[in-house]
There are 2 protein chains.
Amino acid sequence: MPVNIPETGQERIVIVGGGFGGLMMARKLAKSDYQVILIDKRNYHQFQPLFYQVAMAGLEPSSISFPFRKAFQDHKNMYFRVGKVNAVDTGRKQLETDIGIVNYDHLVLSYGAKTNFFGNKAIEERAFTIKSTTQALNLRNTLLTDYEKAVIERDFEKRQWFLDIVIVGGGPTGVEVAGALAEMKKYILPKDYKELDAKEVDIYLLQGTDQLLMGMDPKHGDTAERYLKQRGVIVKKNTRVVDYDGEYVITADDEKIKAGKLIWAAGVTCHRMEGLREDAFNKRNRIMVDEYSKVKGYDDIYALGDVACMETEDFPDGHPQVAQPAIQQGKQLARNFIRRAKGKDWVKFEYRDLGTMATVGRNKAVAEIGGMKFKGFFAWLVWLFVHLYALIGAKNKLIVFINWIWNYFTYDQSLRLIINPKDQADRNPPS
Amino acid sequence: MPVNIPETGQERIVIVGGGFGGLMMARKLAKSDYQVILIDKRNYHQFQPLFYQVAMAGLEPSSISFPFRKAFQDHKNMYFRVGKVNAVDTGRKQLETDIGIVNYDHLVLSYGAKTNFFGNKAIEERAFTIKSTTQALNLRNTLLTDYEKAVIERDFEKRQWFLDIVIVGGGPTGVEVAGALAEMKKYILPKDYKELDAKEVDIYLLQGTDQLLMGMDPKHGDTAERYLKQRGVIVKKNTRVVDYDGEYVITADDEKIKAGKLIWAAGVTCHRMEGLREDAFNKRNRIMVDEYSKVKGYDDIYALGDVACMETEDFPDGHPQVAQPAIQQGKQLARNFIRRAKGKDWVKFEYRDLGTMATVGRNKAVAEIGGMKFKGFFAWLVWLFVHLYALIGAKNKLIVFINWIWNYFTYDQSLRLIINPKDQADRNPPS
């Protein structure tokens with residue numbers, strides 16, 4: 001039986017996933033003459049670029065999340081359902097979900113990317129990731145619990161296990177996490193854990209290639225590396241991690257690093273939606289789309305954002321899997337549907353590169369915007385305001401702003417609460 | 001082996017539980033010449049009077065919590081350990097905890113109260129409680145998940161199960177929850193869940209006696225009842241709940257109310273600390289103390305707050321189990337220890353009744369302060385400011401204040417995020 005959604009007689013656009021692409025498209029279609037249905041496994045939009053601050057106890061999940069129903073309150077043509085999509089039946093134009101069948105006239109796939117462990121099961125099982133607020137909170141709880149355990153641990157080696165952290169992947173997420181951990185080590189630990197010697201905390205950032213922040217100007221990778229090293233992070237380039245037994249992180253060069261926490265930020269892949277033709281996917285599991293975001297081989301299926309791969313002259317392997325392409329594609333697809341309703345021709349997608357940036361913590365960032373490259377305090381201010389501006393919800397902006405101001409002047413990430421102590425109760429070094 | 005805590009040569013005061021009593025005492029002993037050790041199973045203090053707002057999606061747990069380590073940052077004589085106390089060995093002056101043995105010179109028990117189900121296992125297993133932020137979040141997640149399920153449920157009876165809520169206990173917590181749910185029904189549901197008929201949501205408040213807010217002037221109970229009824233809450237007095245099979249709440253008069261959620265706010269009891277003499281407890285499991293908060297039969301053990309029962313002329317059954325007695329006892333005991341260090345005599349505890357109050361939602365509250373009794377908008381303002389003032393942490397005060405202002409003017413509790421959807425995935429009416 002189909003899921004209970006009113007039949008309005010309008011053509012129905014079903015959007016799977018309310019990340020940047022899906023949410024922007026849905027909002028742009030508000031008040032259009034389509035019935036728009038958004039399906040997401042969560043009831044809220046998450047602002048991914050700040051997940052790492054949730055993990056580092058700087059922000060609460062709610063400050064960077066926005067309930068979909070609130071976003072749709074004023075729009076009569078929009079419907080939201082919490083559900084997990086299992087497959088698509090392209091012949092019957094139906095989605096199979098855990099809440100039942102959902103019929104569509106047009107289907108938009110914007111379900112995003114997931115962590116890529118490159119087939120390494122040992123790492124998948126034991127590593128921490130930061131691809132959702134739940135994962136970020138889990139890392140935060142573990143981090144804080146481990147500090148508590150280290151305080152009472154008399155054995156040096158075991159204490160190292162609780163304290164040392166290996167971050168794999170020198171992209172923006174890895175760099176930002178390393179920077180935040182280094183700040184925690186410098187400003188929080190000596191005050192909160194006076195019995196601990198903060199110098200015992202080692203933070204490793206491992207990068208497989210010879211440069212951090214690949215995709216930005218190499219100078220920026222060098223700058224970020226210098227910043228991190230100044231803050232005590234041990235940066236190792238050309239270092240690939242091949243195994244993690246829960247006690248030691250093992251690199252391709254057979255180096256062993258003892259650490260109770262491995263944070264994996266080394267790459268993303270996508271889930272393959274069942275029911276789509278095999279040849280709709282490329283080898284990185286992204287869905288191949290044309291310049292109208294239409295999935296190759298279908299007339300009524302579209303893909304946006306991280307999960308979509310639109311090969312263009314500037315981006316022969318598809319756009320980078322970050323917020324901007326998703327936002328722009330979502331808005332453009334909505335505009336095209338509005339044009340369609342008016343009998344107008346569709347307009348091809350053109351990507352406007354608004355720039356990239358990464359922060360290494362207070363006063364320090366690197367940025368490339370509109371051909372300009374800059375670093376340091378100004379880049380950091382720009383980073384703050386761009387992220388504040390992009391956050392959805394005026395109250396979220398206000399709360400995040402207050403938190404940042406507060407943390408800046410107090411040198412304090414103040415949300416150091418272990419909310420689910422039972423989950424971490426049994427953490428102990430293997431031995 | 002004893003837990004790793006530095007031996008400073010000072011006399012050691014161990015405080016079990018960092019609620020109002022324990023935390024106030026610890027802070028007051030800062031810079032004294034005792035070594036003060038606080039043990040709590042959480043790493044943060046929780047502000048109990050606002051748990052219900054966490055459950056109702058009005059506040060985040062972090063806004064009403066404060067990390068103990070942050071509270072103790074500037075105090076060299078204070079130590080904090082996350083741990084659960086299993087028993088006390090009064091002969092050896094040791095606590096047995098899940099992190100090891102903790103020796104004490106003086107022991108202060110302030111581990112608080114827990115929900116009393118009066119031996120009813122069926123209710124204990126299925127009811128929701130609001131005695132911790134974790135429980136409050138669990139209720140919030142379930143509430144929101146059930147609305148999502150109700151939206152897609154075609155069967156009227158099943159929908160009733162998802163929507164209807166029974167609150168048992170007409171004390172301040174029960175009254176405040178009922179008021180907040182009624183507001184959610186009136187202001188949020190029609191906007192967020194346009195497919196639902198908010199009139200289908202029934203909110204019951206059941207009270208065993210013939211008056212709400214026992215302990216306050218009966219007029220206030222009547223006022224609260226009138227406020228709640230105006231907002232659509234079904235108030236049933238002289239109604240005792242005897243069973244809940246997960247589908248129907250059953251009263252002593254054999255009435256059956258179909259509801260998927262039973263919120264139990266009908267009373268508290270205490271955990272009996274193992275190792276203490278049987279006759280140290282009264283029949284409600286509170287620890288009998290003299291006017292110096294000293295436990296009867298011991299010279300080096302004290303009890304504070306909800307778990308302590310100090311029989312006085314004004315309070316022959318002990319003080320009410322709310323914040324003020326705990327705060328005042330904690331401060332007084334700390335003062336007496338400081339007097340002790342100076343060779344001075346101890347001073348008996350005298351309770352200053354600062355008043356009681358309860359809110360029924362926006363613009364409506366009842367309060368008794370210093371012999372004055374008032375209600376309505378002014379009482380509500382007083383309620384807001386008293387709670388804001390009592391909150392620990394300047395940033396918490398600011399964030400809560402902003403949330404309240406925001407929610408007041410937008411008629412919105414905006415934190416409607418289901419953070420752990422997996423926990424509620426399987427909720428369905430029994431049938």
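For a footprinting-style exposure proxy, rank A:Asp192, B:Asp33, A:Asp210 by other Cβ within 10 Å, fewest first. Intermediate results must be reported in sequence, preceding the final value.
Working: A:Asp192 22, B:Asp33 13, A:Asp210 10.
Taking fewest neighbouring Cβ atoms as first place, the list is A:Asp210, B:Asp33, A:Asp192.
Quick one: grab Rg to one decimal and Dmax as a whole number for chain B, Cα atoms only, in Å.
Rg, Dmax (Cα atoms, Å): 22.5, 74.
Using 1/(1 + (r/R0)^6) with R0 = 25 angstrom and r between the beta carbons of A:His75 and B:Tyr408, what's the FRET efficiency to the nearest 0.05? Don't skip to the answer; put the middle values down first.
On the way: r = 25 Å, r/R0 = 0.99.
E between A:His75 and B:Tyr408, to the nearest 0.05, is 0.50.
Straight-line reach from A:Lys342: which lysines have a Cα under 22 Å away, not including same-chain ones fewer than 8 places off?
Excluding near neighbours in sequence, the set is A:Lys28, A:Lys31, A:Lys76, A:Lys294, A:Lys331.
Quickly work out the A:Thr269-to-A:Lys236 label distance, labels modelled 7 Å from Cα along the C-beta direction, and quote it in nm with one decimal.
2.4 nm
Rounded to whole Hz and in sequence order, give me ³J(HN,Hα) for the stretch A:121-136 from the Karplus expression 6.51 cos²θ - 1.76 cosθ + 1.60, θ = phi - 60°, writing x for Gly and Pro.
Each residue of the stretch A:121-136 in turn: 5, 4, 6, 4, 6, 10, 7, 8, 10, 9, 9, 7, 5, 5, 5, 5 Hz.
Evaluate the Debye formula for the stretch B:146-302 with equal point scatterers sitting on the alpha carbons, no solvent, and hand back log10 of I(q)/I(0) at q = 0.11, 0.14 Å⁻¹, in q order, two decimals.
The Debye formula, applied to the Cα set alone, gives -0.58, -0.78.
Just need the Rg to Rh number for the stretch B:331-388, please, alpha carbons only, Kirkwood Rh. Numbers along the way, then the final one.
Working: Rg = 17.5 Å, Rh = 13.6 Å.
Result: Rg/Rh = 1.29.
Give me A:Phe20, B:Phe315 ranked fewest to most by other Cβ atoms within 10 Å of their Cβ, as a rough exposure proxy.
Details: A:Phe20 29, B:Phe315 14.
Neighbour counts put them in this order, fewest first: B:Phe315, A:Phe20.
Taking amide H atoms as placed 1.01 Å from N in the peptide plane, list the residues 5 or more away in sequence, or in a different chain, whose amide H sits under 5 Å from that of B:Leu205.
Here the answer is B:Ile167, B:Ile234, B:Val235, B:Lys236, since their amide H atoms fall under 5 Å of that of B:Leu205.
Starting from the Cα gyration tensor of the stretch A:258-370, take the square roots of the eigenvalues, sort them a ≥ b ≥ c, and report rounded, prolate or oblate (rounded when a/c is under 1.5, otherwise prolate if a/b is larger than b/c, else oblate).
Values: a/c = 2.67, a/b = 1.44, b/c = 1.85.
Cα axes put the stretch A:258-370 in the oblate bin.
In peptide B:373-386, how many Cβ atoms from other protein chains are near each Cβ within 10 Å, on average? Before the final figure, lay out the partial values.
Working: counts 0, 0, 0, 0, 0, 0, 0, 0, 0, 0, 0, 0, 0, 0.
The per-residue average across the peptide is 0.
In nanometres, what is the gap between the two model label sites at B:Asn428 and B:Phe401, each 7 Å from Cα along Cα-to-Cβ?
According to this spin-label approximation, the distance is 5.0 nm.
Sum -39500 (n - 2.57) across every DSSP H segment of at least 4 residues in chain B, then divide by the residue count to get the 222 nm mean residue ellipticity, nearest 500.
Values: 13 runs with 135 residues, N = 431.
Value at 222 nm, helices only, nearest 500: -9500 deg cm²/dmol.
Taking the label point 7 Å from Cα in the Cβ direction, how far apart in nm is B:Leu354 from each other copy of itself, listed shortest first?
Spelled out, the distances from B:Leu354's label point are 4.7 nm.
Of all beta bridges DSSP finds with both residues in the protein assembly as shown, what is the antiparallel percent, to the nearest 5? Numbers along the way, then the final one.
On the way: 62 of 134 bridges.
For the protein assembly as shown, the DSSP antiparallel bridge percentage is about 45.
May I ask you to derive the relative contact order of the stretch A:229-309, considering only C-alpha pairs under 8 Å and at least 6 residues apart, and to give it as an integer percent?
So the answer I get is 15 percent.
Could you tell me the calculated FRET efficiency between B:Glu125 and A:Gln135, based on Cβ-Cβ distance and R0 = 35 angstrom, to the nearest 0.05? Walk me through the numbers on the way to the answer.
Numbers: r = 31 Å, r/R0 = 0.87.
Computed FRET efficiency for B:Glu125 and A:Gln135: 0.70.
Using Cα-Cα distances under 8 Å and only pairs 6 or more residues apart, what relative contact order does chain A have, in percent? Before the final figure, lay out each step's value.
Values: 848 pairs, mean separation 83.6, N = 431.
With pairs under 8 Å counted, the relative contact order is 19 percent.
Find how many whole Å separate the alpha carbon centroid of the stretch A:367-408 from the alpha carbon centroid of the stretch A:1-75.
Between the Cα centres of the stretch A:1-75 and the stretch A:367-408 lies a distance of 23 Å.
Rg and Dmax of the stretch B:287-431 over Cα atoms: what are they, in angstrom?
21.0, 69
What are the extents of the Cα atoms of the stretch B:1-146 along their three principal axes, in Å, largest first?
56, 34, 22 Å, listed from the longest principal axis down.
Where a ≥ b ≥ c are the square roots of the eigenvalues of the C-alpha gyration tensor, would you call the protein assembly as shown rounded, which needs a/c under 1.5, or, failing that, prolate if a/b is larger than b/c, or oblate?
Working: a/c = 2.13, a/b = 1.29, b/c = 1.65.
The shape class here is oblate.
Please determine, in degrees from 0 to 90 and to the nearest 10, the orientation of helix A:377-390 with respect to the longest principal axis defined by the Cα atoms of chain A, where the helix direction is its Cα long axis.
Relative to chain A, helix A:377-390 is tipped by roughly 40 degrees.
Please arrange B:Glu313, A:Glu255 by counting, for each residue, the other beta carbons lying within 10 Å of its beta carbon, fewest first.
Working: B:Glu313 5, A:Glu255 13.
Fewest to most other Cβ atoms nearby, the residues stand as B:Glu313, A:Glu255.
Nearest 5 percent is fine: what portion of the DSSP beta bridges confined to chain B is antiparallel? Before the final figure, lay out the partial values.
Values: 31 of 67 bridges.
Of those bridges, close to 45 percent are antiparallel.
Taking only the alpha carbons of the stretch A:58-139, what extent do you get along each of the three principal axes, in Å, biggest first?
Reported extents, whole Å, longest axis first: 41, 34, 18.
For B:Lys373, give me every one of the aspartates and glutamates with a C-alpha distance below 16 angstrom, ignoring sequence neighbours fewer than eight places off in its own chain.
Partners found: B:Asp217, B:Asp222, B:Asp353.
Which value results for Rg/Rh of the stretch B:236-316 when Rg is the Cα radius of gyration and Rh the Kirkwood radius based on the inverse mean 1/r?
Numbers: Rg = 18.5 Å, Rh = 15.5 Å.
For the stretch B:236-316, the value is 1.19.
For a quick check: with amide H placed at 1.01 Å from N, whose amide H comes under 5 Å from A:Tyr79's, ignoring anything fewer than 5 positions away on the same chain?
A:Val36, A:Ile37, A:Leu38
With θ set to phi - 60°, apply the Karplus curve 6.51 cos²θ - 1.76 cosθ + 1.60 along the stretch B:310-317 and write out the HN-Hα couplings as whole Hz, x wherever there is a Gly or Pro.
9, 7, 10, 4, 6, 10, x, 9
What Kirkwood radius, in Å to one decimal, follows from the Cα pairs of the stretch A:114-228? Please report the intermediate quantities before stating the final value.
Numbers: mean 1/r = 0.0643 Å⁻¹.
Across the stretch A:114-228, the inverse of the average 1/r is 15.5 Å.
If each label sits 7 angstrom from Cα along the C-beta direction, how far apart, in nm, is B:Pro6 from its counterparts in the other copies?
6.7
Could you go through the stretch A:365-372 in sequence order and give the Karplus-derived ³J(HN,Hα) for each residue, using 6.51 cos²θ - 1.76 cosθ + 1.60 with θ = phi - 60°, rounded to whole Hz, and x for Gly and Pro?
For the stretch A:365-372, the Karplus curve yields 7, 10, 8, 10, 10, x, x, 8 Hz.
Give me a single rounded figure for A:211-220: the average over its residues of other chain Cβ atoms within 10 Å of their Cβ. Let's see the in-between values first.
Numbers: counts 0, 0, 0, 0, 0, 0, 0, 0, 0, 0.
That average works out to 0.
Rg and Dmax of the stretch B:1-74, using alpha carbons, in Å: what are they?
14.6, 48
For B:Ala308, which sequence-distant residues (separation of 5 or more, or a different chain) have an amide H within less than 5 Å of its own amide H, given hydrogens modelled in the peptide plane?
B:Ile287
Any read-out appearing in this document is the output of simple, stated calculations on the displayed coordinates, not a laboratory observation. In this text, all values refer to a predicted model and were calculated from it rather than measured experimentally. Positions of Cβ are backbone-derived with ideal geometry, glycine not excepted, and every protein chain shown enters the neighbour counts.
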